[in-house]
Amino acid sequence: MSRLRIGIDVGGTNTDAVLVDDHDTVLAAEKTPTTSEPLDGIRAVLTAILDGVDRAKVDQVMLGTTHPANAVIQRRGLSEVGVLRLAAPTSFAVRPGAAWPADLRAQVLGPVAIVGGGFEYDGREIAPLDEGAIREFAARCARGGVRAVAVSGVFAPASTEHEERAADILAAELGATARISLSHEVGSLGLLERENATILNAALQEVAHRVVDGFRAALNHHDLDVDAFLTQNDGTLMAADQAARLPVLTLGSGPTNSMRGACALAGLSEAVVIDVGGTSADAGVLVDGFPRESTAAVEVGGVRTNFRMPDLISIGLGGGSVVRPGEGDVTVGPDSVGYRVAEAALTRGGDTLTLSDISAVAGRLTGFGRQEPAGGIDPRIVKLALDWVDAEIDRMTTRMKSSRHALPLIAVGGGSHLVADAVRGASRVVRPEHHAVANAYGAAIAEASGAVDRVIRFAGDDRQSSLDEARRAAADAAVAAGADPHAVRVTSLTEIPLTYVPGKASRVLVKAAGPLRTRRSR
Amino acid sequence: MRQITSEDIEPLALGATLLGTGGGGDPHIGALMAKQAIDEFGPVTVVEPDALPPDGLVAAVAVVGAPTVIVERVPAGSEFVASLRAMSRHLGRDLVAIMPIEVGGMNTLIPLAAAAEMGLPLVDADGMGRAFPEIEMTVFTLAGLPAAPIVVADEKGNLGIFETTTNKTAETLGRTAVVQLGMANAVAQYPMTAGQCAAAAIRGSLSYCLELGRRLGEAAETGLADLLAFAGGRSVFSGTVVDVDRRATDGFTRGTCAIEHAGEPDRVLRLLIQNELLIALDDGEPVVTPPDLICVLDHENTRPITTENLAYGQRVDVIALPAAEQWHREGFTDLVGPRAFGYDLDYVPFTTTEANFQGSVR
C-alpha cells in the first residue's frame, strides 16, 4: 500500500502544497494566495489537496516557511535575549552584538556576560565553567524579565559540555519555561557568527512556537495523524518540535527547496534554476544536484552568520511587479502587488498594470486575464516591458552558469511564464510539470540529515580512523533526525587543514542525509 | 601625521583581504577588534617612521596561530598589550610606536587595536607588504635586522621570551609555543629603532592598503582598471574554477586550484597554494611568482576569495600585483622566492601589460 507525504511552502505571495506517493510522484498540487494570517493559507491548501484522499495513508507533512525570516527582516515579534558567552579570559576584544544594525540590537540585546568557560582546539578547558557568574547573569535576566537566553561557548561544536551545564544552571535559576538556545545546536566553527545565529535563534522563539503550534493545529483540523517536519537551509528536514527550538536553521530554506524541487521535477542535476514568484525572481545553479553555495558570509537582517546558503541572485521581477510607462521607456517594479495580483491586475479588472498583464497580452501567460482592458495596452509598452524582462533573465542566467558551456535553464514558480522560450546562455528552457509548486515539491522530497564540525588532530594512520569516526557521527545524527539507517549516506566531507601551525590538524565538516524511514519501519 | 578612525576600518580590511592573497586570515575579526578598540580608546595616529625620534623603540605585533582557531578562540586584546609591555620590560625601554609586521590578512588590523589601547602611534610601514606565513619572511631579515627577542603571550598571563640566533629559529620556537598556548596568541617581534625602521621597512603600506581597499570597493561598479593602474598590477586570467585540491601538510594548506579560461576552452591557469596563493602557471608556464602577489576575485562583485573558500564552479578574475620595491635586494629569492617554498622554479620578474604600464603610478 502506497504511503503519502505532503510538502507545503509558505512564501510571501503564495502558499503551495503537493501530495506525493512513495515514488515521489505528484498526485495533487495546489496553490493559494498567502493570507494575512498565514496559517489560514495552510488550512486552505490542505483542504484542497486532501479532497478525496484517505488521510490514514498520509505519514508525513513537510513545511517550508518564510515566517521566521520575515520576522527578522521586518523586526516583528522578536524577543529580548540574554547573551551568555563562555570564553573568559579570551574573546573580550569583540563583545557580543558587534556590528549588529542599531535597531535590531536595541530591540534584541538584553543582559550580556562573558564568563569563564569554553574549550581549546584540543579539548582542554580554557577555564573552568564559572557557575557563580552564570547565576549572577541569570539573576540579571530574571530582574529584566528576559526569558530567552543565547549561550555560546568557545569550541562548543567540538565540546558541548560547558554549554549543556550552563543550560542546566539557567533552567534551574530561570524556571523550566525559559527558552535557552545553545550555540552548538545552531552553527559551526566561528564563535562570533555562531553567537549571532544563536542570539537570532533565541529572539525567534516566540514566533517559531506560534508557527509550529499553528502548523499542528492545521494538521489536527484535517485529522492528520502524521510526523510533522520543517525544512532547513540545506534542504533537509527537522522534526517540527525541534524546529520550534531551532528556527534560525529554517531561515533560508525557501530558495533551497525551490532549487532542489526544480531539479527533481526536471530530472536534471546540472542546470541553472530560475524561480519567478509574484514579487521577485531568484536564480541559482545546481552543481551535481546540489545548489552551489555562496562564498560570501550570509547576512540575515543585517547580522553576519556562518550558515552556508545557496549562491543566489535576486531581483524584483515577478508576476505582480508593477509596470509604469514613462517617456519612451517603462520601469518595472521593484514594487509588486504580490498576492493581490489576481484582483489588482488590469486584465483581471483591477487598476494596476503588472507583468502578468504584459505576459498575458503577449501570449506567454494563458488563461489569466478575462479580457483586454478598455482601450487595450499599448503594444509598444508590452514590447518594452518584455525586452526588459528578457534582458534581466539573460543576464541572471549568464551570471549564474559556471562554465562557458550552455546549461539547461529550469524555469519554475508562479511567475515563470515570464521566462522566454529561448534564453541567452541556456541550451534550452525546461518547464517541468508542476513547476509552479517546485518549492513545495522540494519540501516533500527532503531528506533527514545530520552534521558534525570538529577539529581532528592526527599522526600518521589515525587520520583515516578520525575521518571515519566523523562520518559515523554524522550518519548517526542523520538517523537520530529520522533518516532510514539503511539508506543514510555521507553527502559531503570537507577537510580544511589548520594552517600556520606545525603538527597535523584539520577541521572536518561532514554532512550525512537519508530518506525518512516510514512510520511502519520504526 | 593623520588618524585612523572607525570609518577607515572597512576599506582597510578590504585592502588587507586583497593583499592577503587568499590567506593571512579573514581580516573581518581584526576589523571588529579595531573598531571596538577605537570606540573605546579613540582614533589611532599614523606616523611616518622618520617622524619619530630616530633612537625610539618600535616593535611589531601580530596574532599567530591558525585562522580557523582564531575565529573561534577570539582574542582578548590584553595579550597583544602584554606581549609589547614584556618586550619593553625585557629591553628596558619604552616603545614610541607599534608596527604591523604584515599588511595583508588579519594582522593588518590587529596592531591598530593594540595601538588604540596603548595610546601609541602606528607606523605607516610593515615588513612584508602582503601576508607571508613565517616570521622570518620580511624585508627586515634581508636588511639583517633580527626578529628576536620575540614575546609570545596568551590572555591568561602566560608568556615566553625567545632570544634566537636567526629569524628562522625565532619562527620555529615561537610557533612551538603557540601550539601549547592555544593556537591563537600574540607575538611581539622585530624590536628596532625608528631610524632602522625608516631605512628598512616597506614605507606607506597602511596608506597603500587603505587606498587599495577604497578602489576595490568601487571596482564592483567601475571595473578593475583604476585599481590595477594605481597598484601597477595586471589582469592575469578570467575563467571558472574547475578543480580545487587542498591537503594538510606540516602546518601548511598545500594545494592547487585550476581555472579554465572563459574564452579559450583549452587554456588552464593553475594556482599553487601554500596558505596563500603563491604561484600562477598559465598553461604550465609560470607567470606570477612570490613575492609578487596573486589575487583571485569573484567575477560578480570583485570581492577577493580566500583559498579556503575557493570552490568548483566559481567565476573568477585573477590579478597580479607587484611586490613592494623593498623586496628587490640581494637574497630575496632565497627568502621568499619560489624555491623558498619548495618549488623548483625561478622567480619571474613582474611585468604589466602595455596598457597598465602606461597608467602605472608605481
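The values are calculated or read from the model by the stated rules, or taken from the named source; none is laboratory data. As the structure is a prediction and not an experimental result, all values here were calculated from the model. A quick note on method: Cβ atoms are made from the backbone with ideal geometry, for glycine too, and the neighbour counts reach across all protein chains shown. Surface accessibility is based on the protein's heavy atoms, side chains included, excluding ligands, DNA and RNA. Shrake-Rupley method; radii C 1.70, N 1.55, O 1.52, S 1.80 Å.
Residues in segment A:161-176: is at least one within 14 Å of chain B (Cβ to nearest Cβ) and either modelled with pLDDT of 95 or more or open to solvent by 40 Å² or more (accessible area, probe 1.4 Å) (or both)? Don't jump to the end; show me each part of the working.
Here is the first cut: in segment A:161-176, the residues within 14 Å of chain B (Cβ to nearest Cβ) are A:162-163.
Cutting the leftovers down to either modelled with pLDDT of 95 or more or open to solvent by 40 Å² or more (accessible area, probe 1.4 Å) (or both) gives us A:162-163.
For segment A:161-176, residues within 14 Å of chain B (Cβ to nearest Cβ) and either modelled with pLDDT of 95 or more or open to solvent by 40 Å² or more (accessible area, probe 1.4 Å) (or both): present.
Where in segment B:1-111 are there strands (runs of 3 or more DSSP E), lying fully within it, with 2 or more residues that are within 14 Å of another protein chain (Cβ to nearest Cβ)? Spell out the reasoning first.
Numbers: elements: B:2-4, B:44-47, B:57-65, B:95-100.
Here the list reads B:57-65.
Report those strands (runs of 3 or more DSSP E) wholly inside segment A:276-337 carrying at least 2 residues which are more than 14 Å from chain B (Cβ to nearest Cβ). Step through it out loud before you land on a result.
Numbers: elements: A:281-287, A:298-300, A:303-305, A:313-315, A:321-325, A:330-336.
Filter on segment A:276-337 gives A:281-287, A:321-325, A:330-336.
Residues in segment B:175-206 that are more than 14 Å from chain A (Cβ to nearest Cβ) and either outside any helix (DSSP H, G or I) or free of Cβ contacts under 8 Å to residues at least 24 places away in the same chain (or both): how many?
Initially, segment B:175-206 is screened for residues more than 14 Å from chain A (Cβ to nearest Cβ), giving B:188-206.
Among the residues that remain, those that are also either outside any helix (DSSP H, G or I) or free of Cβ contacts under 8 Å to residues at least 24 places away in the same chain (or both) are: B:188-193, B:201-204.
Of the residues in segment B:175-206, 10 are more than 14 Å from chain A (Cβ to nearest Cβ) and either outside any helix (DSSP H, G or I) or free of Cβ contacts under 8 Å to residues at least 24 places away in the same chain (or both).
Keeping to segment A:191-241, report how many residues are in a loop (DSSP other than H, G, I, E, B), more than 23 Å from A:Ala178 (Cβ to Cβ) and not hydroxyl-bearing (Ser, Thr, Tyr). Working first, answer last.
Going residue by residue through segment A:191-241, those that are in a loop (DSSP other than H, G, I, E, B) are A:204, A:222-226, A:232-236.
Those still in the list that are more than 23 Å from A:Ala178 (Cβ to Cβ) too: A:222-226, A:232-236.
If we keep only those that are not hydroxyl-bearing (Ser, Thr, Tyr) too, we end up with A:222-226, A:232-235.
The total comes to 9.
Looking only at segment A:380-406, count how many residues are at pLDDT 90 or above, closer than 17 Å to A:Arg428 by Cβ and of a type outside the set (D, E, K, R).
So the answer is 1.
Quick check on segment A:299-311. Is at least one of its residues open to solvent by 30 Å² or more (accessible area, probe 1.4 Å), modelled with pLDDT of 90 or more and more than 30 Å from B:Ala262 (Cβ to Cβ)?
Yes, some residue in segment A:299-311 is open to solvent by 30 Å² or more (accessible area, probe 1.4 Å), modelled with pLDDT of 90 or more and more than 30 Å from B:Ala262 (Cβ to Cβ).
Any chance segment B:275-298 includes a residue that's surrounded by fewer than 22 Cβ atoms within 10 Å (Cβ to Cβ), among the polar types (S, T, N, Q) and within 14 Å of another protein chain (Cβ to nearest Cβ)?
Among the residues of segment B:275-298, not one is surrounded by fewer than 22 Cβ atoms within 10 Å (Cβ to Cβ), among the polar types (S, T, N, Q) and within 14 Å of another protein chain (Cβ to nearest Cβ), which makes the answer no.
Go through segment B:215-318 and tell me which strands (runs of 3 or more DSSP E), entirely inside it, have 1 or more residues that are in contact with a strand residue (DSSP E or B) (Cβ under 8 Å, 6 or more places away or on another chain) and of a type in the set (Lys, Arg).
Those strands (runs of 3 or more DSSP E) span B:234-248, B:253-261, B:268-274.
If you check B:Leu145 against the conditions, is it part of a loop (DSSP other than H, G, I, E, B), more than 14 Å from chain A (Cβ to nearest Cβ), modelled with pLDDT of 95 or more and open to solvent by less than 40 Å² (accessible area, probe 1.4 Å)? Give the derivation first.
Working: part of a loop (DSSP other than H, G, I, E, B): yes; more than 14 Å from chain A (Cβ to nearest Cβ): yes; modelled with pLDDT of 95 or more: yes; open to solvent by less than 40 Å² (accessible area, probe 1.4 Å): yes.
Yes, satisfied.
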